[in-house]
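The values are calculated or read from the model by the stated rules, or taken from the named source; none is laboratory data. Just so you know, these numbers come straight off a predicted model, no measurement behind them. Neighbour counts run over all protein chains shown; Cβ positions are idealised from the backbone, glycine included.
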Amino acid sequence: MMTNRNALSTITLLVVLTSLFSGCASINLDTHIAETPEQALSIAADENDPQRAQRYLLRTASNYQTKGDHTAARNILRHTLLKSTEGQLREQQRLLAMASAIELEDQEWAQELANTSKVEDFLQYPSDMLARAANLQAQTLALAGEPLDSAMTLILLAQTDSSTSPQNIHDRIWSQLKTVGNQELQTSNTKAIGFENQGWLELASTLRNTGGNLDAQGKLIRQWQNNWPGHPAAQTLPKELALMADISSSRPENIVLALPLNGPLASAGKAIRDGFIAAYYNDQSANRSKTDIRVVDTANQPFLDLYRKLSNGNTDLIVGPLEKTGLAELSEMNTLPVPVLGLNYLPNDHKAPNGLYQYGLSAEDEARQIAEQLAKDKVTRILALIPNGEWGDRVTTALTDKLEEIGVTALHVQRFFPEDNLRAITADVLGVTASRQRAIDVERTIGLNVEFEPRPRQDAEAIVMVAAPTIARQFKPLFAFYFAGNLPVYGPSITYEGVPNPSRDRDLNNVIFTDIPWVLAENDNPLRSDAEQYLSGTKGQLGRLFAMGADAWQLSKRLPLLQQVKDAAINGHTGTLTMAPSGAIHREQLWARFVNGSPEVLETKSPDALVPGE
């Protein structure tokens, strides 16, 4: 009897379990809340009515989005069970997919969505959802690298939804149009249909070929307004263009260039001075009759005293100092009566006063760019070699902080002095020293000699090598010596002397490094070509400082533009320049690879962008 009761209980349990998991007949899909995406997909797969299953999955994905779990939503929205949605279900799925793709910054998914969409698609949604659908569509297209279609979506939204803010939407339209590639813009301009589209595209095309002449840009903007008086953008200019038009007629005229012309920083100060003055004379928009540039020596005097003296005179802008200590003195003030474009950066524990802008050849900027490039190249674990000292400390902090932020692991950061045994340093960072020590420990344990060939650690995917050329030329062959020659090597600009030297730099072959356009794109730089004929100090490290001085001139005219327009940028000689809310200028440099001992610029995927001051 006991056996029969056990058998009956077992059968009863099986019946219950079967009723629970044999299908969705016992599950109300209109109210059921799945514990995981996998459970939702399993339940939907057992549903005989495809549309009922799809409605359940879309509701579940929406619930995950509400909780902020867009990864779970993506697992559902990209599943094959939702490939066949139609009508309203298709529209709902697309809206949810765009929202999660944007939140996750999933470019691949955004591109898939863009490939199956048209600019007018958002018009299919009800009036109360029109603006949301259009904004999601525009953001998705931008994420997919389709700025023109993104702009066209916003232009159409502005025509169909009167509740949108003209200033806001015009700013967004312009932020997309100015990044459209030159060829695509020209082609679209000739084929444009519709008053609004034609006006916007002509505005973008008109400003594309001004050569960065701010006066010319301001005049062309006003001329376009006169030619298109009834266009919405003529009545409400994008903020950036309105600011450009105003700045072109209100730039600083009395400028003091405050640099060290004596002492240990004299050569650097003179190189920056020469670059600043050369760029001024090369700038066709500069008003020679109004602009006055006065050069003063900051050596051997407290900069704060000099600043107070200069600010009491007829001065619109002070460019300098170069010395970090001089810049730190200004942090004692809350507001600067005369704006300062400092040619260095404040220490992290100093607060920037109002009116202080900071610009320089920041090693921290380069470290962060290296980290970002590693992520773009899908490198997840790295080793690093960085010099000892205060400069190396700053590079280490900037690199490791950025790596942590973007999810790249620094397995080991090895610090070194130039006079160290570089072979031992290389063995340490590659883990060969530890490998050898483990073999010695084994020999001691078993009392026998062990045949051993040291091998580097196998979990690293790349090496970040922060080293001057003379040191870098020794490190790179050592990587191969220790069987790590297959690891890609990334470096900052100090890896390259700035002048091609194939016979010496062959040891750096395949090293990927970042540097400024002045150095890497020398054949495309008219200012450099002209300066080399009449001036010394335009190459190598002094050349980088010369380029910094030239960009300081460009910045002097556009500081309000960079500060007030969020995505404004200048294509400068030292990189693409943008401004942080703190007033610090950040640079994005070019990338190159050593091939046969000479640097070859790596092409970027970004289009020819329209930026003020290009």
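Structural remarks
- Remark: Thr335 falls outside the filter, which requires a residue to be polar (S, T, N, Q) and surrounded by 17 or more Cβ atoms within 10 Å (Cβ to Cβ).
- For region 309-332, the candidate set comprises residues that are of a type in the set (Asp, Glu) and surrounded by 17 or more Cβ atoms within 10 Å (Cβ to Cβ); within that set, the residue that is farthest from Ile272 (Cα to Cα) is Glu329.
- Counting only helices (runs of 4 or more DSSP H) wholly contained in region 91-206, the ones carrying 1 or more residues that are within 28 Å of Leu562 (Cα to Cα), under 27 Å from the mean Cα position of the chain (by Cα) and among the aliphatic types (A, V, I, L, M) occupy 130-143, 147-160, 166-177, 182-191.
- Region 229-280, residues that are under 25 Å from Arg308 (Cα atoms), of a type outside the set (D, E, K, R) and part of a helix (DSSP H, G or I): Ala266, Ala268, Gly269, Ile272, Phe276, Ile277
- When residues of region 306-324 are limited to those that are at pLDDT below 90 and of a type in the set (Gly, Ala, Ser), the one nearest to Ala584 (Cα to Cα): Ser311
- Single residue of region 499-540 satisfying the filter (outside any loop (DSSP other than H, G, I, E, B) and in contact with a Gly (Cβ under 6 Å, 6 or more places away or on another chain)) that is nearest to Val489 (Cα to Cα): Phe513
- When the helices (runs of 4 or more DSSP H) confined to region 344-440 are screened for residues that are more than 28 Å from the chain's Cα centre (by Cα) and surrounded by fewer than 19 Cβ atoms within 10 Å (Cβ to Cβ), those reaching at least 2 such residues are found at 422-430.
- Which listed residue is free of Cβ contacts under 8 Å to residues at least 40 places away in the same chain and under 30 Å from Gln301 (Cα atoms), from Asn254, Asn189, Asn227, Asn262: Asn262
- Test: residue in region 108-123 that is in contact (Cβ under 8 Å) with a residue 24 or more places away in the chain, buried (at least 20 other Cβ atoms within 10 Å of the Cβ) and not hydrophobic (A, V, I, L, M, F, W, C): no
- Which numbered condition Ala547 misses (of (1) in contact (Cβ under 8 Å) with a residue 24 or more places away in the chain; (2) farther than 15 Å from Leu520 by Cβ): (2)
- Inspection of region 290-300 finds no residue satisfying the criterion of being surrounded by fewer than 16 Cβ atoms within 10 Å (Cβ to Cβ) and in a helix (DSSP H, G or I).
- Of the listed requirements (1) more than 28 Å from Trp174 (Cβ to Cβ); (2) of a type outside the set (A, V, I, L, M); (3) assigned to a helix (DSSP H, G or I), Gln563 misses just one: (1).
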